[in-house]
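What follows is a single structure, written as structure tokens, with notes after it.
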Amino acid sequence: MALFTHKQAGQAVSLPRHVAVIMDGNGRWAQRRALPRTAGHKAGAETFRTIATYCKDLGLDYLTVYAFSTENWKRPQAEVDAIMGLLDQYLHESIEKMARDQIRLKFFGDTTVLSPKLQKLIAETDEITKHITGFQANICLNYGGRDEIVRAARQFARECVEGKCSPDELTETKFPNYLWSAGIPDPELLIRPGGEMRVSNYLLWQIAYSEIYVTDTLWPDFGKEELDKALAWYQTRDRRFGGLSAK
Ligand code: IPE
Ligand code: IPE
Ligand code: MG
């Protein structure tokens, strides 16, 4: 499938700078193989590694993935524990690899409620990869879109009370500075494997005008070719932003 790069200006729509993914379908992938759901999460973590490296190689700037939502705590304790254990293991294995592959890792969401061990790993990952420029993968962990917006509003209100700003200064340009994604362009493309036609509290502010690609392929089966397909589909889109045809 032919993809247009950033450099091929003037040809259809160029590649997105930022792709967001709802990494869904791990449980079903495992169930179909008569494996425990945890096996699906493990396979999903591998897919993340492959896709992050591929996004970087394609020349994208940002990949933002949904790894654990503020609602996922409702799952059985054993599954939550298993996911946290896998994250721990995954970060241990990945820090050096990501640094070697020149991938900056950042975390969106309230990580202060995670285990001290996981928090330490997250801080180390941040420290080791923070000098990397060029490609950044954002991992949404204990992340919720509504939670992010409420936190942003709370922070702005706090600054107003402290006399640093006034309510009338808040604009659509300024508000995103209070989000986890401050400074990062909105994703042009949102991909949801697993076939569900919903956004499940993901990046509610940022996806206002994202193109949404839903595929029945489950996340652990989502390989480079699947990403190529999604990007090629994106490049056929007429992004109007409420105006008339952009083409
Ligand atoms: C997504 O896969 C991973 C997390 C939510 C942590 P699921 O575990 O939701 O997989 P399905 O949707 O049950 O197949
Ligand atoms: C969304 O998937 C959250 C993540 C992929 C981390 P869910 O499986 O939790 O979403 P719902 O429950 O199907 O909406
Ligand atoms: Mg799911």
Just list whichever of 117/174; 42/130; 97/229; 174/229; 74/106; 42/229 have alpha carbons separated by over 32 Å in the model shown. 117/174; 174/229
Order 212, 139, most accessible first, counting only protein heavy atoms with a 1.4 angstrom probe. 212, 139
Find how many whole Å separate the alpha carbon centroid of the range 170-247 from the alpha carbon centroid of the range 96-147. 21 Å
With the 8 Å Cα cutoff and a minimum separation of six or more residues, the chain has a relative contact order in percent of 28 percent
Distance in nm between pseudo-label sites at residue 146 and residue 159 (7 Å out along the Cβ direction from Cα): 2.5 nm
Estimated vicinal HN-Hα couplings, Hz - the range 208-218 in sequence order (Karplus 6.51, -1.76, 1.60; Gly, Pro = x): 3, 10, 6, 7, 10, 10, 10, 10, 6, 4, 7
Accessible surface of the range 100-247 [probe 1.4 Å, protein heavy atoms]: carbon and sulfur percent: 51 percent
With no solvent and one point on each alpha carbon, what is the Debye value of log10 I(q)/I(0) for the chain at q = 0.12, 0.14, 0.15 Å⁻¹? -0.73, -1.00, -1.14
Two-decimal Rg/Rh across the range 1-117, once Rg and the Kirkwood Rh are taken from alpha-carbon atoms: 1.02
Label-point separation (nm) for residue 173 and residue 77, each offset 7 Å from Cα along Cα-to-Cβ? 5.1 nm
Might you tell me the accessible area per residue for the chain, computed with a 1.4 Å probe and given in Å²? 51 Å²
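The values are calculated or read from the model by the stated rules, or taken from the named source; none is laboratory data. Just so it is clear, the model here is predicted, and its values are computed rather than measured. Backbone-built Cβ (ideal geometry, glycine too); neighbour counts: all protein chains shown. To get the accessible areas, we keep the full protein, side chains included, count just its heavy atoms, and leave off ligands, DNA and RNA. Shrake-Rupley method; radii C 1.70, N 1.55, O 1.52, S 1.80 Å.
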